[in-house]
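Every number here is computed from the coordinates shown, using simple stated rules; none is lab data. Predicted model, so just to flag it, every value in this text is computed and none were measured.
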Amino acid sequence: MLSRYRIERDRGTAESRQQFAMLREKWPLAFPAKPEDVRPLAIGAAGEIASAMGWSPPYTLGVLGSWKMSPVYCQAVLCYDQRIALDGEPAELIDPNAKELATMRLAQLAARKAARKDRKMAGSVATKSAASAATKMPANTTEQLRSRVRAPLLRQ
């Protein structure tokens, strides 16, 4: 059985698209529409969002999860040295551990993209090779196929 925390967090993840529009409307500097304007959020931002929106902390983490794991956000963590508060004001510095986690996430996303591309290429190559193999095989006549089937039956 799932815990209440997990249920709330999963619900926040599922509803993140709808809720993110409200976050963007309420805090446009913290959640900009343009990728080049994205800045890393302050450490306590999730708690502030939860209290301001009336959400539970697990639900808030679920909503913010896809944003913080996105390539755009990870690039922002690597590019900037300081986090911002919800109002856009500078907050604490980004620690090296956060930069390392962002690097690992970007590598994970790149590996997933490469694997997807490899599967797609392998699928098209397999389809092409199967099609070419089928065209290169000599067509068996009906009589040849019947003789192949009858031969084992006659040996009995």
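Residues in the stretch 75-91 carry Karplus couplings, in order, of 5, 5, 4, 6, 7, 10, 9, 10, 7, 10, 7, 4, 8, x, 6, x, 10 Hz; the curve used is 6.51 cos²θ - 1.76 cosθ + 1.60 with θ = phi - 60°, and Gly or Pro positions show x. Here's how it looks for L41: its modeled amide H is under 5 Å from those of I84, which are all 5 or more places away or on a different chain.
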